[in-house]
1. What net charge do the residues around residue 320 carry, taking every other residue with its C-beta under 15 Å from that of residue 320, with Lys and Arg at +1 and Asp and Glu at -1?
2. On a 0 to 90° scale, report how tilted helix 140-168 is relative to the longest principal axis of the chain, with both axes built from alpha carbons and the result rounded to the nearest 10.
3. Skipping prolines and chain starts, which residues have an amide H placed within reach, meaning under 5 Å, of the one on residue 42, given they are 5 or more residues away or on another chain?
4. Label region 300-401 by shape, choosing from rounded, prolate and oblate, from the square roots a ≥ b ≥ c of the eigenvalues of the Cα gyration tensor; if a/c is under 1.5 it is rounded, and otherwise prolate applies when a/b is larger than b/c, oblate when it is not.
5. Would you calculate the separation in nanometres between label points at residue 59 and residue 1, each defined as 7 Å from the Cα along the Cα-to-beta-carbon direction?
6. Please work out whether the chain counts as rounded, prolate or oblate from its C-alpha gyration tensor, where a ≥ b ≥ c are the square roots of the eigenvalues and a/c under 1.5 means rounded, while otherwise a/b larger than b/c means prolate and anything else oblate?
7. Once phi is turned into ³J(HN,Hα) by the Karplus curve 6.51 cos²θ - 1.76 cosθ + 1.60 with θ = phi - 60°, what whole-Hz value does each residue of region 186-196 show in order, with x for glycine and proline?
8. Can you put 187, 139, 352 in order, fewest other beta carbons within 10 Å first?
Amino acid sequence: MLRLSRYSFGVGDRFAHQARPQLRAFVLAAQQGVDVVPVWNKSNREHTFIGTEPTSVRDAALKAVHDLNWTKAWHVDADHINLDTVERFLEPSDFFTIDVAHFIGQPAAPADLDSFLARHPELIGVIHVPGIQQPLTMTRELVAKTAGTFLAAVQEAGRIYRHIASRKGEANFITEVSMDETDNPQTPPELLVILAAIADERIPIQTIAPKFTGRFNKGVDYVGDVRQFTLEFESDLAVIAYAIRAYGLPDNLKLSVHSGSDKFSIYKPIREALPKFNAGLHLKTAGTTWLEELIGLAEAGGPGLALAKEIYAEAWSHGEDLCAPYASVIDIDFPKLPKPATVAVWSSEQFTGAMRHDATNPLYDKGVRQLLHVGFKIAAKMGDRYLDMLDTCEESISRNVTLNLYDRHIKPLLIGA
């Protein structure tokens, strides 16, 4: 079985221009003795918005790997796929994020639910999970309710997994199951039931993305109680370690944190929790690179700054349409956003200060950052005009992409400040 390393980062690259500066961040980590595997990811939705094909992700990654003489592992993720969208990803991808959130809450067949309960009497009663102070008390009613909520979703994950396996071969790809795009976080008892069901489906899952407490808004810091998140994260790690032993799941199974970029306030708790359970981590950073492209354009000044301002003006004018697909993961106070006429006279320092994720900078504006995070469709419509400017401003963009990924993400998460 293709095996995912202990630490891995999902790196998004909206316009397939930043694979090399992204990879340089992993080179810097390796020089510090920390092996982190890059996993280039781009969802079907993003390909549709931009007008690209999944092969473009692998092509860009291959070029970066060649140019930087990268000899360690790397992967390409078919991000948030389902049976309707997986086909175009089969050839270029070796990592599949199976998204079944839409099936959560759909009723499983009564006979399937009865069979699950009959197979898993061990789930009923008092369960002592090492690493969780209070034992899990699980009644038959609770297990039945949880299975009723999640079993159909896990069965769908099984169907998708088997379809991929029938085309690629079981040993030739990495499987993640994603349940994060839903309203309520999964509790530790629910996660245990989900993992038992995944084992029943014989999915060799290597990462799982549950829904966590708090808000994981795009491009900005975690919003919520950090202490509660820490408790929940450690409990999930404990449940995973328990389920690996109980159900024969792959021993490298680890948590995947989606929309994980820029969640600076929880990086230290995550870093400190992992060794307690000898656990790995997969964290998806996605759109933070696109934001660093804009910062690099603005930092370059001249035409680059002018184009960044134009993108902001268009995003501001079409904010409602841009934000609609991401309503659950952004929180923008639109009346407080600076008007395009104000931004039009900003200097490079003002624009980059508003965008760069540095909460200590009085210029930082999380509303601006979130709006531009979902505004990549504006750049996509510009076509070659935008892509040519990326080439013109390559030095400043590349520098920002690398330092953002290494200094603000890999280092605090896996090395320490």
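1. On the way: positive: 377; negative: 314, 321, 331, 333.
That sum, taken over residues with Cβ under 15 Å, equals -3.
2. With both axes taken from Cα atoms, the answer is about 60 degrees.
3. 77, 79
4. Values: a/c = 1.58, a/b = 1.21, b/c = 1.31.
Oblate shape, in that a/c is at least 1.5 and b/c is the bigger or equal ratio.
5. My value for the distance between the label points is 3.4 nm.
6. Details: a/c = 1.80, a/b = 1.68, b/c = 1.07.
It is prolate, given that a/c is not under 1.5 and a/b is the larger ratio.
7. Those phi angles translate into 7, 7, x, x, 5, 4, 5, 5, 4, 5, 5 Hz.
8. So the ranking, lowest neighbour count to highest, is 139, 187, 352.
Any read-out appearing in this document is the output of simple, stated calculations on the displayed coordinates, not a laboratory observation. Remember, predicted model here, so these are calculated numbers, not experimental data. Glycine gets a Cβ as well: all are built from the backbone with ideal geometry, and neighbour counts include every protein chain shown.
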